[in-house]
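The values are calculated or read from the model by the stated rules, or taken from the named source; none is laboratory data. Note that this is a predicted model, so its numbers are computed, not measured. A quick note on method: Cβ atoms are made from the backbone with ideal geometry, for glycine too, and the neighbour counts reach across all protein chains shown.
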Amino acid sequence: MRILVVEDNPALAAQLGHALVDAGYVVDYAEDGADAHYMGDVETYDAVVLDLGLPVMDGLTVLRKWRDASHDMPVLILTARDNWHEKVSGMDAGADDYLTKPFHMEELLARLRALIRRSGRHTSAQWTSGHIVLDTRQARVTVDGEALSLTSHEYRVLAVLMQRAGEIVSRSELVGHIYAQDYERDSNTIDVFIGRLRKKLPQGSIETVRGLGYRMNAKVPGSGHAGESTAVRESGEVLGPSGVKR
């Protein structure tokens with residue numbers, strides 16, 4: 001999950017970044033409205049934390065420009081202005097939620113989880129796909145109640161796939177969601193992470209759709225083991241057993 005933090009106060013931006021990274025998110029930063037508008041226009045984000053009082057271009061203008069361009073990522077506005085007119089203006093401009101400074105970091109994290117959950121049509125902080133449960137509050141994954149040991153990148157790839165379970169997610173989309181803007185990106189690493197996940201998850205959990213990407217299969221009947229069965233692409237082509245190693 002990738003978050004854009006738009007905040008011109010370096011100390012607060014750093015605090016937000018540390019809390020978000022500790023919660024398992026990838027974080028990009030913008031210090032003024034012009035940079036924020038550009039980044040939100042060209043990059044992929046699961047949510048945005050947007051301060052309204054920004055230099056160069058104010059937050060409301062940034063938000064309106066994003067929405068006019070049909071960018072629908074969830075936006076949580078932050079403002080020191082305890083004025084209901086500002087809150088109404090922000091919501092009317094397309095914000096999904098707001099927090100007034102000062103705030104508790106745990107509340108911000110909870111609100112972000114809720115926004116991301118709703119954007120992925122989830123009603124709970126725990127996302128379930130077959131026997132797999134991903135707890136967004138604890139950044140924890142279990143299979144049949146047994147916790148899995150995942151790297152940060154494996155967790156992020158799985159989170160994107162589970163958020164969009166049943167949908168095809170391309171390699172480029174996965175890259176956009178799991179790497180920060182200044183990270184050297186290589187779509188081939190996605191195949192590596194998928195391979196590792198397949199060794200840890202029930203067989204058939206992650207399907208490969210030739211030429212398009214990957215899809216989380218929410219209808220895997222059991223945890224399974226390597227060699228017990230094979231998965232079949234929509235085209236009918238048989239995939240080699242991915243196996244389970246737990």
note = Checking Asp58, Asp97, Asp46 in turn, the sole residue that is within 19 Å of Ala34 (Cβ to Cβ) and acidic (Asp, Glu) turns out to be Asp58
query = Looking only at segment 144-194, which residues are under 14 Å from Met216 (Cβ atoms) and basic (Lys, Arg)?
reply = Arg156, Arg164
remark   = When every residue in segment 21-40 that is among the aliphatic types (A, V, I, L, M) and under 15 Å from Ala159 (Cα atoms) is compared, the one nearest to the chain's Cα centre (by Cα) is Val26
task = Could you tell me whether any residue of segment 100-113 is within 16 Å of Val6 (Cα to Cα), in contact (Cβ under 8 Å) with a residue 12 or more places away in the chain and among the β-branched types (Val, Ile, Thr)?
result = yes
key: Residues satisfying the stated conditions in segment 21-55, i.e. acidic (Asp, Glu), surrounded by fewer than 18 Cβ atoms within 10 Å (Cβ to Cβ) and not in a helix (DSSP H, G or I)   = Asp32, Glu43
inquiry  = I'm trying to understand the selection: among the residues of segment 115-155, which are closer than 21 Å to Val75 by Cα and at pLDDT 90 or above?
reply    = Leu115
remark   = Scanning segment 77-99 residue by residue, those without any contact (Cβ under 8 Å) to a residue 60 or more places away in the chain and either within 20 Å of the chain's Cα centre (by Cα) or closer than 13 Å to Leu16 by Cβ (or both) turn out to be Ile77, Gly94, Ala95, Asp96, Asp97, Tyr98, Leu99
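Every residue, every condition in (1) outside the structural domain of Ser152 (by TED's automatic domain parsing); (2) touching a strand residue (DSSP E or B) at 6+ places or on another chain (Cβ under 8 Å); (3) touching a residue at least 12 places away in the same chain (Cβ under 8 Å); (4) basic (Lys, Arg), yes or no:
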position	(1), (2), (3), (4)
Ala11	yes, no, no, no
Gly24	yes, no, yes, no
Ala34	yes, no, yes, no
Tyr45	yes, yes, yes, no
Met57	yes, no, yes, no
ask   = Pairs under 6 Å by beta carbon, first residue closer than 16 Å to Ser149 by Cβ in segment 191-217, partner surrounded by 19 or more Cβ atoms within 10 Å (Cβ to Cβ) and acidic (Asp, Glu), six or more apart or different chains?
value = Phe193/Glu154; Arg196/Glu154; Leu197/Glu154
query = Can you tell me which residues in segment 74-96 are part of a loop (DSSP other than H, G, I, E, B) and touching a strand residue (DSSP E or B) at 6+ places or on another chain (Cβ under 6 Å)?
reply = Pro74, Asp82, Ala95, Asp96
request  = Sort through Leu112, Leu99 and tell me the only one that's in the same structural domain as Ala23 (by TED's automatic domain parsing) and in a strand (DSSP E or B).
outcome  = Leu99
